[in-house]
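Below is one structure, written out as structure tokens, with a few remarks after it.
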Amino acid sequence: MENLVGLLRIHVKRGVNLAIRDIASSDPYIVFHFGNKKLKTHVVKQSVNPEWNDDLTLSVTDPNLPVKLTVYDKDLLSADDKMGEAEFSIAPYLEAIKFRHKIQGGLPHGTIIMKIQPNRQNCLSEESHIVWNQGKLVQNMFIRLQNVETGEVELQLEWIDVPGSRGI
């Protein structure tokens, strides 16, 4: 992959107050799209507050593309139901990554490097923090799902450099 910039690990932590699509609950999973790449979490049975704790890794060739996600309810006898969707930009996170060499070794664990406010251009439900965490920069975020009555997804982003890639 000659245009590879690096890898983005998305730690899909949990869903909060997701929509009910079956009789009393849902069987949610998430599909992530980044350019022409597609990844998905496992299905959590009968939960509107699922704990996924899945790690998904995307190859990043164009850091300006948004990451799109759609939450679905798994159905056995019919098409899976949509439970909301959202998208977010990785650009602020990658801006912080560019400066990590200046801070390595000099900051205590848990130091907040950057704060991203929720606004009309992102799907953040609360302020998102880019944090120095055990020698790495990670971004923690709660994403508010759109086109649905309720639901949020908690994610953590982590950048992985790939030797020989063009880098950011």
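The values are calculated or read from the model by the stated rules, or taken from the named source; none is laboratory data. Predicted, not measured: the structure shown is a model, and the values here were computed from it. Glycine gets a Cβ as well: all are built from the backbone with ideal geometry, and neighbour counts include every protein chain shown. SASA here: full protein model, heavy atoms, side chains in, ligands and nucleic acids out. Shrake-Rupley method; radii C 1.70, N 1.55, O 1.52, S 1.80 Å.
Checking the range 71-81 against the condition returns no match, with no residue being surrounded by 12 or more Cβ atoms within 10 Å (Cβ to Cβ) and more than 17 Å from residue 148 (Cβ to Cβ).
Scanning the range 3-37 for residues that are buried (at least 16 other Cβ atoms within 10 Å of the Cβ), within 25 Å of residue 93 (Cβ to Cβ) and more than 17 Å from the chain's Cα centre (by Cα) turns up just one, 5.
Can you name every residue in the range 38-52 that is touching a Ser or Thr at 6+ places or on another chain (Cβ under 9 Å), open to solvent by 30 Å² or more (accessible area, probe 1.4 Å) and within 12 Å of residue 153 (Cα to Cα)? Result: 48, single match.
Put simply, of 153, 148, 67 the only residue that is more than 28 Å from residue 3 (Cβ to Cβ), at pLDDT 90 or above and open to solvent by less than 20 Å² (accessible area, probe 1.4 Å) is 153. Exactly one residue out of 77, 69 is in contact (Cβ under 8 Å) with a residue 24 or more places away in the chain and over 18 Å from residue 160 (Cα atoms), and it is 69. Residue 43 passes every criterion in (1) touching a residue at least 24 places away in the same chain (Cβ under 8 Å); (2) over 22 Å from residue 165 (Cα atoms); (3) in contact with a Leu (Cβ under 9 Å, 6 or more places away or on another chain) apart from (3). The residue that is nearest to residue 68 (Cα to Cα), among those in the range 89-109 that are in a loop (DSSP other than H, G, I, E, B) and modelled with pLDDT under 85, is 99.
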